[in-house]
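What follows is a set of notes on a single structure, which appears directly below.
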Amino acid sequence: MSVDLPEYYFRVRENGAFVFRVDTENRQRRIEMDQIAVINIKNGEIKPHGGRELSSGDMKVIEDWMADRLALLAQRDIDDIHRAVDYLNLTAHWAQTRATDDQLENVTDALLLAMHDLRTVLVRKKADRLLKGQD
């Protein structure tokens, strides 16, 4: 294991992270992780853990991590959408070339409703952007 461990460790959870201070400067030379905070990435809340007071250095590291995490999640979201476009294209090719009648019967209604819903949302959002651009 590397000697140069980071000073902080973030254990990611669904809506944020637990923040630990990493300590290797102890008599047993063990890695100790002391939880110092809980982060909620959705509302930006940072709660000190166990009655602690976070230093300005702690807050800076946590806020920088939150900004980086939000950017990563946004990047993943758009990547997922690009993948969805690929899946739609692959689905169209499958339906045209390989799907059996039974397979098509199994998925057609669900796909048509999902695509209709998506189209409705996209057209409305596009119209909103065009109208906003005229103002």
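Being surrounded by 13 or more Cβ atoms within 10 Å (Cβ to Cβ), farther than 17 Å from Arg21 by Cβ and without any contact (Cβ under 8 Å) to a residue 40 or more places away in the chain is the filter here; which residues of segment 58-81 pass it? I'd like the intermediate steps shown before the answer.
Restricting attention to segment 58-81, the residues satisfying the condition of being surrounded by 13 or more Cβ atoms within 10 Å (Cβ to Cβ) are 58-59, 61-63, 65-66, 69-70.
Right, trim to farther than 17 Å from Arg21 by Cβ and you get 69-70.
Result: Leu70, single match.
Cβ-Cβ distances below 7 Å connect the following pairs, each with a first residue in segment 29-48 that is assigned by TED's automatic domain parsing to the domain that holds Arg69 and closer than 21 Å to Ala67 by Cβ, a second residue that is of a type in the set (A, V, I, L, M, F, W, C) and loosely packed, with under 15 Cβ neighbours inside 10 Å, and a separation of six or more residues or different chains: Ile41/Leu70. So, in segment 26-48, how many residues would count as being more than 25 Å from Leu72 (Cα to Cα) and either hydrophobic (A, V, I, L, M, F, W, C) or surrounded by 14 or more Cβ atoms within 10 Å (Cβ to Cβ) (or both)? The qualifying residues number 1.
When the residues of segment 26-40 are filtered to those that are at pLDDT 85 or above and not acidic (Asp, Glu), which remaining residue is farthest from Gly16 (Cα to Cα)?
Let us first name the residues in segment 26-40 that are at pLDDT 85 or above, namely 31-40.
If we keep only those that are not acidic (Asp, Glu) too, we end up with 31, 33, 35-40.
Details: Ile31: 23, Met33: 18, Gln35: 14, Ile36: 14, Ala37: 11, Val38: 8, Ile39: 5, Asn40: 4 Å.
By that ranking, first place goes to Ile31.
Only residues that are outside any helix (DSSP H, G or I) and surrounded by 12 or more Cβ atoms within 10 Å (Cβ to Cβ) were counted across segment 82-112, and they come to 1. Scanning segment 5-28 for residues that are closer than 20 Å to Asp64 by Cα and assigned to a loop (DSSP other than H, G, I, E, B) turns up Leu5, Pro6, Glu7, Glu14, Asn15.
The values are calculated or read from the model by the stated rules, or taken from the named source; none is laboratory data. Worth saying up front: this structure is predicted, and the values here are computed from it rather than measured. Cβ sites come from the backbone with ideal geometry, for glycine too, and all protein chains shown count toward neighbours.
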